[in-house]
Every structure is written in structure tokens, then in C-alpha cells.
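Inspection log for the structure reproduced underneath, given as C-alpha cells.
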Ligand code: B12
Ligand code: SF4
Ligand code: SF4
């Protein structure tokens, strides 16, 4: 057992569910990561290739870096009251909130502030997906969970619907080496079987170029149409490989948002009006409505692309005229054409 950190009370009071720390070593899954890049599973996310060297050795962050604290924070949408402008479009649970790159970073900085007062001459750097760190690998090393077949970090009691943050520091705390948590996936293959686009390969590997999350959040281009036809009603991100996971069922059985994320998208007037808003509003209006949320990562063009794909897949015929307006759009005309071809009166 490792001793608790002197700041454990603060960490838990800020809403983190669990944490761990250790002296910095090489990432355990380094070879896996290099192979992933060599196989081009990162698609257009070229920064993942460019950052290879920094990720290999955290001393590239700072020469004195000696320890890493990994922290898990449950998605706030599942645990707190939250405001989010769309309640009908299928948006990944983590994103139905303000952008975690800001609020989680603020919480991490509070911990850093406290640590700095205790260790004034030491180095500290906090990050949540904002610095080239293999977050899942270090969190695995720090016993926050095991790496599931869906490649997510899963904790036997807390599931996987949490975000990761890290603090790299020159401080070292006494700790005994403990083994990472065992892999509890066993013979289960639910995530692999139920991924709509077969993006999950053997060996805990995701091919981003097939993943709905990649195409609806990260990519600046349009997905191949035969792949887009498999995106169902997902507008921004995808939670399927986590909502089907047995290790999340018990934890979230009372959350109506979790149950909704698990169910097919309901097509009704509310959904239609949210999609109409996306297609008929200017980029400025959309970005104003979604200000401070992670959805603006896709940009207005990306969100319009996503809306056209949802309309095609769910055959939302009442939006035919709104779709037609995109037939001359320089970047979206192919998707609009395909979408129109999919619409028919039922
Ligand atoms: C690029 C990226 C993506 C890409 C690629 C995802 C992927 N699986 O590779 C895309 C856009 C598809 C994506 C999607 C999502 N992402 Co993302 N993503 C990242 C990012 C920025 C880098 C991940 C990366 O380097 N991928 C390359 C692969 C090879 O590395 P990896 O995912 O870290 O996987 C490691 C393990 O699988 C490990 N591994 C495999 N086998 C073994 C065996 C052993 C023994 C060990 C030790 C390790 C190990 O090796 C890999 C590293 O080499 C991280 C943040 C970060 N800086 O780490 C967030 C991150 C992984 N994403 C996150 C989230 C929440 C998501 C989504 C759920 C969002 C959504 N709802 O749409 C989905 C989930 C899809 C999925 N099943 O992974 C969280 C995951 C939290 C968790 N509990 O695991 C992270 C950590 C962000 C954060 N700070 O919270 N993401
Ligand atoms: S996020 Fe969705 S598309 Fe991507 S691997 Fe998981 S289930 Fe498949
Ligand atoms: S769904 Fe099954 S195989 Fe996939 S991560 Fe969860 S336990 Fe592992």
C-alpha cells in the first residue's frame, strides 16, 4: 500500500473519484503506441506522431520531472446538475457540459497551488489532454484501472466514464512498487461486437479512421459515405463501447442520462428543431450557443457535417429543404447529396 498524499482530502473534495502516483518510468505500452502510429491508426491527428519523442520520456517536459500523479474525475454530466444547450442530439456524455479542458484544468491547478505552498522550490505541471502524455498508460501504472478491450481505462468499482488529469512534478513521495490492477475483461467481447463501425481491433487497439468519435470530433474532413452510413444518430462523439461495458452498468444504473446514451436516438420534434438550428444558423450563432463547450472543437462546418449525417441515417424527411440548401456548399455538397438520396417519406 502506498501512503496517501498530503493533499488527498483536497483531491477528493474537488470531485476526483480516485488517484495514484509513482516515480516516472517509461510508458509500459510504448511499443504498442509506436505500432499504432506506424499503422496510421491516428488518421489526420498528426500531432500524435509529432509528439512521439516527448511521450517516450517525461523528462522532455522538464529535466527535473520525477513523479506523476494521475487523477480520475467522473463526467460531470452524470454526477452534477449541468446546463447544456442540446438535450436531444446524441452528444458524448463527457461533452454535455462545459469543456473539460478548462474546468478540469482549473481543479488540477488548485491542487498544484496547494502543493506549491508545501514544496515552494519544486517543479509542477498539470495537464488534461493538453500535453503529450500517454495518460492511459500512466494511469494504469498508477492503479486507476486496467486497459479494457475498448482501450479505455476501467476501474472495477468506478467504471470508465471518467476523465483523466495529470500532475508532473520534481517531488518524489515514498512509495512501494505495486502491481497494476488485473485485467477483468475476461472472455467478454461486448464492446467489439457492438461497435457500429468495427473500429475495435484485437489487442486493445482502436482504428481512429473507423471510429465515430474521431470523425465527429477530430476530423476536419468528411468521412467515407459508406462509413458515415453506420454512424446511427451520433452527432458528436460516441459512448457505445463504454455504455455496453458490464463494468459501467452497476455504477450508472440510476443515471437517466446513461440510460438515454445507451438507447437509440429518439426522432421527434425536439430533435428536428435542434438539427434545424444547426443547419440554418450562421457559424457565429452556433459558436455563440455552444460557447465554452467542447463541441466548438468541430467548428461550425464540422457540426453541420455531423447534422447532415444524422439526418441521413435517421431519415429525417421534414428537413429536406434545409438539406437542399447545402447542395452548392463547397465542402458539404457531397454529404448533402448523399443525405438527400437517403431521405424518403415514410
Ligand atoms: C487520440 C485520442 C482519441 C482518439 C483515439 C483513441 C484511441 N483509443 O486511441 C479518438 C478520437 C478515437 C478518441 C476517442 C475517445 N476518447 Co480520446 N483521447 C485521445 C488522446 C488525446 C490520445 C490517445 C492516444 O494516444 N491514442 C493512441 C493509443 C495507442 O493510446 P491510448 O488510447 O492511450 O491507449 C493506450 C492503452 O490502450 C495502452 N495499452 C494497450 N494495451 C496495453 C497493455 C498494457 C499492459 C498497458 C500498460 C497498456 C496497454 O496502450 C496505449 C498507449 O500505447 C487521449 C488523451 C491523452 N493525452 O492520452 C484521449 C483519451 C484517451 N480519450 C478519452 C475519451 C473520454 C474518449 C472517448 C470516450 C470520447 C467519446 N465519448 O467520444 C472516445 C473513446 C474511444 C475509445 N474506445 O478509445 C479519455 C479516456 C479516459 C478513459 N477512462 O480511458 C482520454 C484519456 C482523455 C482524458 N484526458 O480523459 N480519443
Ligand atoms: S467510440 Fe464508438 S465507434 Fe469508436 S470504438 Fe467505441 S463504439 Fe466504436
Ligand atoms: S465491454 Fe467487455 S471486453 Fe469491452 S472493455 Fe468492457 S469488459 Fe472489456
Q: Could you check how many residues of the range 87-100 are surrounded by fewer than 22 Cβ atoms within 10 Å (Cβ to Cβ) and out of contact with any helix residue (DSSP H, G or I) (no Cβ under 7 Å at 6 or more places or on another chain)?
A: 2
Q: Answer yes if at least one residue in the range 209-224 is within 7 Å of ligand 2 (Cβ to nearest atom) and closer than 13 Å to residue 148 by Cβ, and no otherwise.
A: no
Q: Kindly indicate the residue of the range 180-213 that is within 11 Å of ligand 1 (Cβ to nearest atom) and either exposed (fewer than 15 other Cβ atoms within 10 Å of the Cβ) or free of Cβ contacts under 8 Å to residues at least 12 places away in the same chain (or both) and also farthest from the chain's Cα centre (by Cα) among those meeting that condition.
A: 182
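Among the residues of the range 81-96, which ones are in contact with a strand residue (DSSP E or B) (Cβ under 9 Å, 6 or more places away or on another chain) and within 23 Å of residue 157 (Cβ to Cβ)?
Kept after step one, since they are in contact with a strand residue (DSSP E or B) (Cβ under 9 Å, 6 or more places away or on another chain), are these residues of the range 81-96: 82-86, 89-92, 94-96.
Selection gives 92, 94.
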Q | Residue satisfying condition, being at pLDDT 95 or above and surrounded by fewer than 16 Cβ atoms within 10 Å (Cβ to Cβ), within set 150, 121, 142 | A | 121
Q | Residue identified as closer than 30 Å to residue 11 by Cα and more than 11 Å from ligand 2 (Cβ to nearest atom) among 166, 203, 150 | A | 166
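Hey, among the residues in the range 235-247 that are assigned to a helix (DSSP H, G or I) and away from ligand 2 (no atom under 12 Å from the Cβ), which one's surrounded by the most Cβ atoms within 10 Å (Cβ to Cβ)?
Residue satisfying both the conditions and the ranking: 247.
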Q: Scan 276, 232 and give me the residue that is modelled with pLDDT of 95 or more, assigned to a loop (DSSP other than H, G, I, E, B) and either closer than 24 Å to residue 87 by Cα or within 16 Å of the chain's Cα centre (by Cα) (or both).
A: 232
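Is it the case that residue 243 is farther than 20 Å from residue 316 by Cβ, within 16 Å of ligand 3 (Cβ to nearest atom) and either in contact (Cβ under 8 Å) with a residue 12 or more places away in the chain or in contact with a strand residue (DSSP E or B) (Cβ under 9 Å, 6 or more places away or on another chain) (or both)? Before you say what the answer is, go through the steps one by one.
Numbers: farther than 20 Å from residue 316 by Cβ: yes; within 16 Å of ligand 3 (Cβ to nearest atom): yes; either in contact (Cβ under 8 Å) with a residue 12 or more places away in the chain or in contact with a strand residue (DSSP E or B) (Cβ under 9 Å, 6 or more places away or on another chain) (or both): yes.
So residue 243 fits the description; yes.
Going by the structure shown, is residue 268 away from ligand 1 (no atom under 16 Å from the Cβ), touching a residue at least 60 places away in the same chain (Cβ under 8 Å) and under 15 Å from residue 88 (Cα atoms)?
Numbers: away from ligand 1 (no atom under 16 Å from the Cβ): yes; touching a residue at least 60 places away in the same chain (Cβ under 8 Å): yes; under 15 Å from residue 88 (Cα atoms): yes.
Considered against the rule, which asks whether it is away from ligand 1 (no atom under 16 Å from the Cβ), touching a residue at least 60 places away in the same chain (Cβ under 8 Å) and under 15 Å from residue 88 (Cα atoms), residue 268 comes out as yes.
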Q.
One residue is enough: does the range 44-65 have a residue meeting the conditions modelled with pLDDT of 95 or more, surrounded by 14 or more Cβ atoms within 10 Å (Cβ to Cβ) and farther than 23 Å from residue 210 by Cβ?
A. yes
Q) Which of the residues belonging to the range 137-163 are under 12 Å from residue 55 (Cα atoms) and within 8 Å of ligand 1 (Cβ to nearest atom)? A) 137
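With the requirement that a residue be within 17 Å of residue 154 (Cα to Cα) and either near ligand 3 (Cβ under 9 Å from one of its atoms) or touching a strand residue (DSSP E or B) at 6+ places or on another chain (Cβ under 8 Å) (or both), what does the range 188-221 give you?
As a first pass, look at the range 188-221 and keep what is within 17 Å of residue 154 (Cα to Cα): 188-192, 200, 203-206.
Of everything in the range 188-221, those that are within 17 Å of residue 154 (Cα to Cα) and either near ligand 3 (Cβ under 9 Å from one of its atoms) or touching a strand residue (DSSP E or B) at 6+ places or on another chain (Cβ under 8 Å) (or both) turn out to be 188, 189, 190, 191, 192, 200, 204, 206.
Being under 18 Å from residue 213 (Cβ atoms) and not in a helix (DSSP H, G or I), is that true of even one residue in the range 290-300?
Step one: filter the range 290-300 for residues under 18 Å from residue 213 (Cβ atoms), giving 290, 293-299.
Imposing the further condition that a residue be not in a helix (DSSP H, G or I) reduces the set to 290, 293.
Yes, that holds for at least one residue.
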Q. Any residue in the range 16-24 that is assigned by TED's automatic domain parsing to the domain that holds residue 79, within 16 Å of ligand 2 (Cβ to nearest atom) and either under 19 Å from residue 55 (Cβ atoms) or surrounded by fewer than 15 Cβ atoms within 10 Å (Cβ to Cβ) (or both)?
A. no
Q. Which condition does residue 250 not pass, out of (1) more than 25 Å from residue 316 (Cα to Cα); (2) more than 10 Å from ligand 2 (Cβ to nearest atom); (3) at pLDDT 95 or above, if it passes all the others?
A. (3)
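The values are calculated or read from the model by the stated rules, or taken from the named source; none is laboratory data. The structure presented is a predicted model; accordingly, all values stated were derived computationally and were not measured. Please note: Cβ atoms are built from the backbone with ideal geometry, for glycine as well, and neighbour counts cover all protein chains shown.
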